[in-house]
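Student: Let me give you the structure first, and then I'll get to my questions.
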Amino acid sequence: MKIIILRLGHRFIRDKRVSTHIALVARAFGADELVIDVLDKNIVKSISMVCDEWGGDLEINFVKDWKRFVEEFHGDRIHLTMYGVNINDCMDKIKSSDRDKLVIIGGKKVPSEIYSLVDYNVAVGNQPHSEVAALAVFLDRLFEGKELKREFDGKKRIIPQERGKKVVEGR
Ligand code: SAM
């Protein structure tokens, strides 16, 4: 099962940090690919530096026509929105299919057509918060926490400590 994240409404400069955080969360929480609706090479640069050092890989692509991309996606299309069905009430159904998943997150304003283009509108609680938080919680529920124990095979590796920091170099 492949997990692709589609980030809509990226704005240059203003959203650089948030979109980079989305890429970091996507990588660390087990997604395979991030697709953004605006070409911003800074995001690719930041994430490839992290992957180079800490391992793992996250493919990053850009789409001009996000609507067509969503329509042509083969798999389950899931839009994260505070207005959707509470995640506690729909996650079992989402998890029951091993089809690829397109997880769509918005920015300040989401095009209204998205609600009817998808298979699921999912709320990570029905209160407004953040696309970064929504994505992290969704992926963690999908993978049932197992993604947090994944090996990334990087140049550097953390040896977990109760106190202090221990980092070893080499695979
Ligand atoms: N009105 C927006 C909405 O539909 O959720 C909130 C905008 S918020 C600044 C940006 C993005 O964060 C949204 O497009 C959505 O993907 C995500 N988001 C915010 N709160 C959420 C929630 N409670 N559940 C799921 N996603 C949420």
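The values are calculated or read from the model by the stated rules, or taken from the named source; none is laboratory data. The structure displayed is predicted, hence computed values, not measured ones. Positions of Cβ are backbone-derived with ideal geometry, glycine not excepted, and every protein chain shown enters the neighbour counts. Each accessible area value is taken on the protein alone, full model and side chains, heavy atoms only, with ligands, DNA and RNA left out. Shrake-Rupley method; radii C 1.70, N 1.55, O 1.52, S 1.80 Å.
Student: Give me the net charge of GLY154's neighbourhood, meaning all other residues with Cβ under 10 Å from the Cβ of GLY154; Lys, Arg count +1, Asp, Glu -1.
Tutor: Spelling it out: positives minus negatives among the neighbours equals -1.
Student: Could I ask something else about it? Can you pull the percent of the chain's accessible area that's carbon plus sulfur, 1.4 Å probe, other chains left in place?
Tutor: The computed percentage sits at 50.
Student: Here's a follow-up. What lysines could a cross-link reach from LYS166, if we take a straight Cα to Cα line under 25 Å and drop same-chain neighbours fewer than 8 places away?
Tutor: LYS146, LYS149, LYS155, LYS156
Student: Taking a point 7 angstrom from the Cα of SER130 along the C-beta vector, which residues in the stretch 68-82 have backbone N less than 17 Å away?
Tutor: Counting backbone N atoms under 17 Å from the label point, the list is 81-82.
Student: Would you mind calculating the relative contact order of the stretch 53-171 from Cα pairs under 8 angstrom and at least 6 residues apart, reporting the percent as a whole number?
Tutor: Relative contact order, the stretch 53-171: 32 percent.
Student: Decide, for the stretch 1-160, between rounded, prolate and oblate: order the square roots of the alpha carbon gyration tensor eigenvalues as a ≥ b ≥ c, take rounded if a/c falls under 1.5, and otherwise choose prolate if a/b is larger than b/c, else oblate.
Tutor: It comes out oblate by the Cα gyration axes.
Student: With a 1.4 Å probe and all protein chains left in place, how much accessible area per residue does the chain have, in Å²?
Tutor: Normalised by residue count, the accessible surface of the chain is 59 Å².
Student: So how far, in whole Å, is the C-alpha centre of the stretch 26-56 from the one of the stretch 62-134?
Tutor: Their Cα centres are 20 Å away from one another.
Student: Next question. Tally Lys/Arg at +1 and Asp/Glu at -1 over every other residue whose Cβ is under 12 Å from the Cβ of VAL50; what's the total?
Tutor: +1
Student: Dipole size in debye (nearest 20) for the stretch 3-169 around its Cα centre, Lys and Arg Cβ +1, Asp and Glu Cβ -1?
Tutor: 720 debye
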